[in-house]
Amino acid sequence: MTEKITVLVADDHPLIRNGLTSALGAESDVEVIGEARDGREAINKTLETQPDVVVMDIFMPGCSGLEALVAIKEKLPNARVLILTISERESDLLQAMKFGAQGYILKTATITEVVDAVRKVAAGQAPLSPSVATRLVAEFRKTRDETRLSSRETEVLQLLGEGLTSTEIASRLFISESTVRTYLFRLLEKLQLRNRAEVVAYAIRNCLIDKPLP
């Protein structure tokens, strides 16, 4: 006999919590082993019962679902959390993904969709509501576009990787040293690096040069 998917339901609204518990418990392959009324209780019960999937709201009193998510993942890195929320805000979505949520489903979903999402999370997949998936793809494209380097930025990156100083780069490209510094600042921002040494290492690591000069 196949083992059931154990689930913890965390939501501060009794009607929603009880409804989810009843609906999920009615499935032959799912067993609800606990409920939580807020984030703090969700943390404690997750650590105590270690369910296969935690279905959790974001907006809960005292300790939010996102705060609970961070605490749970710190203690149980392999815990699988499915966010079930009314929030379509990009900030909530991106934070949930950043903090380690396996899925993000809106409360406009049908119970069938929620049950399917629970099964997918238990199987290691990452279910998203359609509108949420669209927002995530848009954010990914935006980030990708922001990190795309111009031809001159690429030239400066290559020369930095070859070990040239700002003065030497300015002479090579027929621009001022202040302009070189401006390009360096842009590279630090776009590539999310902290200093010149990391820029040089990035150039070498990404094969933008043959080898650094001694």
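The values are calculated or read from the model by the stated rules, or taken from the named source; none is laboratory data. Remember, it's a predicted structure, so these values are computed and weren't measured experimentally. FYI the Cβ positions are ideal-geometry reconstructions off the backbone, even for glycines, and counts take in every protein chain you see.
Quick look at the numbers
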read-out: Pair list, Cβ under 8 Å, 6 or more apart: the range 91-106 residue assigned by TED's automatic domain parsing to the domain that holds Ala126 and closer than 13 Å to Val70 by Cβ, other residue of a type in the set (Lys, Arg) and surrounded by fewer than 18 Cβ atoms within 10 Å (Cβ to Cβ); value: Phe99/Lys73; Gly100/Lys73
read-out: Only one of Ala68, Ala122 that is in the same structural domain as Leu24 (by TED's automatic domain parsing), under 15 Å from Val9 (Cα atoms) and surrounded by fewer than 21 Cβ atoms within 10 Å (Cβ to Cβ); value: Ala122
read-out: Total residues in the range 1-32, condition surrounded by fewer than 19 Cβ atoms within 10 Å (Cβ to Cβ), in contact with a Lys or Arg (Cβ under 9 Å, 6 or more places away or on another chain) and assigned to a strand (DSSP E or B); value: 1
read-out: Scan of the range 26-48 for residues that are small (Gly, Ala, Ser) and either farther than 24 Å from Leu76 by Cα or outside the structural domain of Ile111 (by TED's automatic domain parsing) (or both), ordered by number; value: Ala26, Ser28
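Okay, residues lined up against (1) charged (D, E, K, R); (2) in a helix (DSSP H, G or I); (3) at pLDDT 85 or above:
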| residue | (1), (2), (3) |
| --- | --- |
| Ala138 | no, yes, no |
| Lys142 | yes, yes, no |
| Glu155 | yes, yes, yes |
| Thr167 | no, yes, yes |
| Val180 | no, yes, yes |
| Leu188 | no, yes, yes |
| Arg194 | yes, no, no |
| Val199 | no, yes, no |
| Leu208 | no, no, no |
